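The values are calculated or read from the model by the stated rules, or taken from the named source; none is laboratory data. It should be emphasised that the depicted structure is a prediction, and the values quoted were computed from it without experimental measurement. Don't worry about glycine lacking a Cβ; one is built from the backbone with ideal geometry, like all the others, and counts go over all protein chains shown. Surface areas here come from the heavy atoms of the whole protein model, side chains and all, with no ligands, DNA or RNA. Shrake-Rupley method; radii C 1.70, N 1.55, O 1.52, S 1.80 Å.
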Amino acid sequence: MTKHIPLNVLDLVSISEGQTIREAIEQSLEAAQLLDKLGFKRLWYAEHHNTKSLASMATSNLIGLAAKMTERIRVGSGGIMLPNHSPLQVAESFGALAQLFPDRIDLGLGRAPGTDAQAAQLLTRSGSDPQSFANSIFNLMGWFSDEGVAHSVPVTSNVGTGTNVPIWVLGSSMNGASIAGQLGLPYSIATHFTPDNYREKIDIYRSAFKTTAPTAQIEEPYVMAGINVLVAPTDEEAERLWTTTQQYLLDIQTGKQRLLQPPVDPEELGTEQERAMIESMFSIKAVGSPETVRKKLEEFTERTGADELIVVTYTYDPEDRKRSMKMLADLWF
């Protein structure tokens, strides 16, 4: 029997047509409890803004709620978009979470705004260039250290002191891969929505990795790769449920702001050109019956050499997502 690597879940707290935001958040937290029982290693929440169909904006709040309602699973950010936040405030928020839930909090950091240009203007607080990003991480590590003081200024986060919250770098570009390696930190690659040249990006990360960097937290490269997953009893049912995700992506490309839509027959989904575009953007996926999904996940693990996988699942009906997670756990753990 193949020994499988750890499996994690990225939740964007999607909102379906006919569902309230409160209901979407409640469903997400119910799913967190299920994932905890099923044996998933991590549950991360993504930071997105100005998106009608998602409710994962207040990422650290969701992390705290999910951690309180679970017992074992690690909960974290996939990620906090650092240009949108004061690094000291991030240290205080995640320090407080780590005090309440020791050894269960992860801090994944990204350089993108996680939104459109207009919303980014309202959110941006710090630089997104590589040097500013590295300096912020260095300070965050100081605030999480046993001394609890930033490296650049004699300021303490107080609640972060001694928590040693593990930091991950999120990336979707060649530049992001190189930065993660140069900082000597674990790398989470966003292959679930930027699949192009992913093996080259992972190679760049590994070749750029420096254990001597002042920010280094690990002894050797460590990769988590993202993949879209939807499991159903048959390939045909999974492909039909998958059309909800395809409609969501098509809406993003056309600028249409809608909540998640019910599934449709695959041949009814847009033009042939639009279907090809969707397929190219979300080509890193495992959609189908348990046997189909298992094979695709094993193939993806072999191609990437990843140490962990993180899966993303959108469904119109929250019960279909829960069923997918149960079936995924059965085929993988």
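What the table below lists for this structure:
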{"read-out": "Most mobile listed residue (Asp235, Asp103, Asp129) in the chain, GNM with C-alpha springs under 10 Å", "value": "Asp129"}
{"read-out": "CD proxy at 222 nm, helix term only [per DSSP H run n ≥ 4: -39500 (n - 2.57); per residue of the chain; nearest 500]", "value": "-14000 deg cm²/dmol"}
{"read-out": "Rounded, prolate or oblate (a/c below 1.5 giving rounded, otherwise prolate when a/b exceeds b/c) for the stretch 228-275 by Cα gyration tensor", "value": "prolate"}
{"read-out": "Centre separation in Å (Cα based) which lies between the stretch 129-155 and the stretch 249-309", "value": "38"}
{"read-out": "GluC sites (Glu not before Pro) within the stretch 216-246, DSSP loop, no more than 12 other Cβ atoms inside 10 Å", "value": "Glu219"}
{"read-out": "Whole-Hz ³J(HN,Hα) from phi, Karplus 6.51 cos²θ - 1.76 cosθ + 1.60, for the stretch 223-229, glycine and proline x", "value": "10, 10, 10, x, 8, 7, 9"}
{"read-out": "Angle between the chain longest axis and helix 235-254 axis [Cα atoms, degrees, rounded to 10]", "value": "60"}
{"read-out": "More than 21 angstrom apart: percent of Cα pairs within the stretch 139-248", "value": "53"}
{"read-out": "In sequence order, calculated HN-Hα J values of the stretch 150-159 (Karplus, 6.51, -1.76, 1.60; Hz; x Gly/Pro)", "value": "5, 6, 9, 9, x, 10, 10, 8, 6, 5"}
{"read-out": "Helix axis angle, 272-281 relative to the chain longest principal axis, alpha carbon, degrees", "value": "30"}
{"read-out": "Residue among Lys285, Lys322, Lys52 with the largest mean-square fluctuation in a Gaussian network model of the chain, springs linking Cα atoms under 10 Å", "value": "Lys52"}
{"read-out": "Along principal axes, Cα extents of the chain, largest first, whole Å", "value": "60, 42, 38"}
{"read-out": "For the stretch 85-95, Karplus couplings with θ = phi - 60° (6.51, -1.76, 1.60), whole Hz, Gly/Pro x", "value": "9, 6, x, 5, 5, 4, 4, 5, 5, 7, x"}
{"read-out": "Cβ crowding within 10 Å averaged over residues, with 6-12, 195-201 ranked highest first", "value": "6-12, 195-201"}
{"read-out": "Solvent-accessible surface (1.4 angstrom probe) belonging to Ile179, in square angstrom, nearest 10", "value": "20"}
{"read-out": "Sparse-neighbour loop sites [GluC sites (Glu not before Pro); the stretch 11-76; at most 11 other C-beta within 10 Å; DSSP]", "value": "Glu71"}
{"read-out": "Pairs from Lys256/Lys322; Lys285/Lys322; Lys52/Lys256 whose Cα-Cα separation, in the structure shown, is over 20 Å", "value": "Lys256/Lys322"}
{"read-out": "Other-chain or far-sequence residues with amide H under 5 Å of Ser16's (modelled H)", "value": "Leu260"}
{"read-out": "Long-range amide H partners of Asp11 with built H, under 5 Å", "value": "Trp44, Tyr45, Ala46"}
{"read-out": "Gaussian network model of the chain, Cα within-10 Å springs - most flexible of Gly95, Gly78, Gly305", "value": "Gly305"}
{"read-out": "Interchain or long-range residues, amide H under 5 Å from Asp106's placed H", "value": "Val75, Gly76, Ser77"}
{"read-out": "Average accessible surface area per residue within the stretch 1-123, 1.4 Å rolling probe, Å²", "value": "43"}
{"read-out": "Unit charges at the beta carbon, dipole of the stretch 10-76: most positive-side option, Gly39, Ser60, Ile25", "value": "Gly39"}
{"read-out": "0 to 90° range, to nearest 10: angle between helix 318-332 axis and the chain longest Cα axis", "value": "80"}
